[in-house]
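The values are calculated or read from the model by the stated rules, or taken from the named source; none is laboratory data. Predicted model only: the values in this text are computed from it and were never measured. Counting neighbours? That spans all protein chains shown, and the Cβs are built from the backbone with ideal geometry, glycine included.
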Amino acid sequence: MSRDGTFLKAASVAALAGLATVLALAPVGCTRITDQTKVDEEWPEGKPKVVVSFAPLYCFAANVAGDDATVRNVMTTKGPHDFQPTDTEIKMLSKADLFFTVGLELDDKPVGIMAKGCGNKNLKVIALSDAIPKERLYEGKCHHKDVLEEHTHPIDPHVWLSPEHAEYLVNKIRDELIAFDPNHRDGYTRRAEEYVGKLNKIQADGEALLKDKQNRKLVSFHDSLAYFEKSFKLKVKGVLTPKAGQEPDATR
């Protein structure tokens with residue numbers, strides 16, 4: 001470790017990156033249906049039926065929904081880059097009321113396939129990133145080949161990696177649940193406020209950890225940290241895998 005504690009502070013940055021990635025997971029246990037062929041039997045009667053595209057959104061929605069709505073996740077073993085929907089996930093949507101997605105071309109393709117194939121004309125698909133002001137969306141260089149096509153995101157879609165941006169997603173979930181189920185407005189409002197409080201604490205804790213850090217440069221494995229970078233005033237100097245699935249070369 002150098003005299004200014006560079007190694008220790010670098011470890012703090014790494015810990016922050018991990019914290020930002022799992023910030024949605026800590027406050028609630030994220031479970032999944034182990035036998036999704038019985039998904040219809042898993043929907044309790046009398047509650048809004050909510051589906052999300054992948055894990056971070058599941059934890060946002062589950063925290064806001066509490067016991068007033070049932071939340072399910074379609075991407076339980078793969079992320080948006082590798083996911084290919086099957087009839088099991090499409091069946092899950094056949095009786096759902098709300099479908100929360102990220103948008104920004106991250107999960108749009110599989111979401112479109114599932115929404116079209118489920119035959120549920122009453123399903124409302126909500127891209128949560130639409131709640132973020134346009135001036136707060138950052139350009140992205142995330143180039144990858146998923147199961148459907150190879151493309152580069154014009155806007156970085158990894159918005160949940162900033163606690164400040166995650167707040168927009170949480171509040172959008174709150175508003176959509178209230179609109180669909182106004183009888184439980186107070187519960188949705190209270191739980192959203194509590195969760196935003198946890199996001200604010202993560203932001204404050206991160207700023208405190210980095211307060212005396214002079215060298216704020218870092219290298220990431222995947223080009224996905226634009227929001228995290230700006231949120232904590234860091235500088236991503238490079239990525240090891242410009243294309244997802246590509247092995248880093250000697251230079252990188």
>> Show the residue pairs meeting these rules: Cβ distance below 9 Å; 6+ apart or different chains; first residue within the stretch 193-211 and of a type in the set (K, R) and at pLDDT 90 or above; second residue exposed (fewer than 13 other Cβ atoms within 10 Å of the Cβ) and not in a helix (DSSP H, G or I).
In response: K198/A26
> Given the conditions (1) closer than 22 Å to K116 by Cβ; (2) surrounded by fewer than 19 Cβ atoms within 10 Å (Cβ to Cβ); (3) modelled with pLDDT of 95 or more, and given that K91 satisfies all but one, which numbered condition is not satisfied?
Replying inline: (3)
>> Being buried (at least 18 other Cβ atoms within 10 Å of the Cβ) and at pLDDT below 85 is the filter here; which residues of the stretch 116-151 pass it?
In response: G140, C142, H144, D146
> Of the residues A96, A61, which single one is at pLDDT 85 or above, surrounded by 15 or more Cβ atoms within 10 Å (Cβ to Cβ), in a loop (DSSP other than H, G, I, E, B) and among the aliphatic types (A, V, I, L, M)?
Replying inline: A96
>> Please count how many residues of the stretch 166-200 are β-branched (V, I, T) and over 23 Å from D97 (Cα atoms).
In response: 1
>> Considering only the stretch 213-226, I want to know if a residue exists there that is under 20 Å from the mean Cα position of the chain (by Cα), at pLDDT 85 or above and surrounded by fewer than 18 Cβ atoms within 10 Å (Cβ to Cβ).
In response: no
